[in-house]
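Below is one structure, written out as structure tokens; the observations come after it.
Throughout, read-outs are computed from the coordinates displayed, never taken from laboratory work. All of these numbers come straight from a predicted model, not from anything done at the bench. Note that each Cβ is placed from the backbone with ideal geometry, even for glycine, and that neighbours are counted across all protein chains shown.
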Amino acid sequence: MDMDYIKIPDVYHGYALSHFCVPKHYEEDLENIMIPWGLIQDRTERLARDIFQDVKDEPLTALCVLKGGYRFYTDLLEKLTALNRSQGSVSVPLHVDFIRLKSYENEDSTGEIKVIGGDSLTNLKGCNVLVVEDIIDTGRTMTKLLDILHQHQPKSVKVASLLVKRRPDSTGYKPDYCGFEIPDRFVVGYALDYNEYFRDLNHICVINDNGKKKYAVP
Ligand code: HPA
Ligand code: MG
């Protein structure tokens, strides 16, 4: 298991928007690019390899946490299925499952999570579950989700999160697989949203005050 995270430091200015392609409708709403799309792909390829090597020949139920996790999920699964095709002597049968949670409004955690959709959790009984999340912020959502999942008696549960935020109020929860540990900034893009905006942005970017104001919930 790889607990040796890639750490993006607190003092970090990322990349200028002008050096990459960003949709025109978001140009004024972003401070910088924290993680370009290509780097997300390269890191995801390695996470897929780590997961593949840990799971070996057991079936794996990959549970996508919607909506924010959907791009990381599809890219991670694409890389896992590529390993299934190329590594002749081992393969991991994959099951695809979805869960939809709601826990945020504006940039603050309301401290509440609700399962508002997805597959029936009774499917998870006896399965090796890999929860696929976009971001672990305080850790409260994940801790609550893990409680809910354990009530359905899976064989095992592991968590892959693309991002883990360094927050002073973190519960200390650490996922089994993590793409990048990031500073305490609000990030959007690659399916991470701010009030449902910015999911259609490829890179992970820091939102600016203009963007927060423009897309605030009235
Ligand atoms: N961006 C988007 N969604 C989030 C974040 C973030 O920084 N933290 C928790 N949910
Ligand atoms: Mg999420």
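Structure data summary
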{"read-out": "Label-point gap, in nm, between Arg46 and Asp200 - each point 7 angstrom along Cα→Cβ", "value": "3.3"}
{"read-out": "Tensor-based shape of the stretch 102-218 (alpha-carbon gyration tensor, a/c under 1.5 rounded, otherwise prolate or oblate)", "value": "prolate"}
{"read-out": "Average Cα contact separation per residue, the chain, under 8 Å, 6 or more apart, as relative contact order %", "value": "27"}
{"read-out": "Beta bridges per DSSP with both ends in the chain, % antiparallel, nearest 5", "value": "40"}
{"read-out": "Extreme residue, positive dipole direction of the chain, given options Ile6, Val96, Pro183 (C-beta unit charges)", "value": "Val96"}
{"read-out": "Using alpha-carbon coordinates, inclination of helix 70-86 to the longest axis of the chain, degrees", "value": "40"}
{"read-out": "Excluding exposed DSSP-loop chymotrypsin sites (Phe, Trp or Tyr not before Pro) (at most 14 other C-beta within 10 Å), longest clean stretch of the chain", "value": "21-218"}
{"read-out": "Shape call, the stretch 24-132: gyration tensor on alpha carbons, a/c limit 1.5", "value": "oblate"}
{"read-out": "Relative contact order computed over the stretch 120-169 (Cα-Cα under 8 Å; 6+ residues apart), in percent", "value": "55"}
{"read-out": "Cα→Cβ-extended label distance, 7 Å offset, between Phe20 and Asp147, nm", "value": "3.6"}
{"read-out": "Entries in Lys174/Lys214; Lys7/Lys214; Lys24/Lys174; Lys56/Lys102; Lys79/Lys158 that, when Cα-Cα distance is taken, lie over 27 Å", "value": "Lys174/Lys214; Lys7/Lys214; Lys24/Lys174; Lys56/Lys102"}
{"read-out": "Within the stretch 22-131, trypsin sites (Lys or Arg not before Pro) in DSSP loop having at most 15 other beta-carbon neighbours inside 10 Å", "value": "Lys56, Lys125"}
{"read-out": "Inter-label distance, nm, simple model (7 Å from Cα along the C-beta direction), Val90/Arg166", "value": "3.3"}
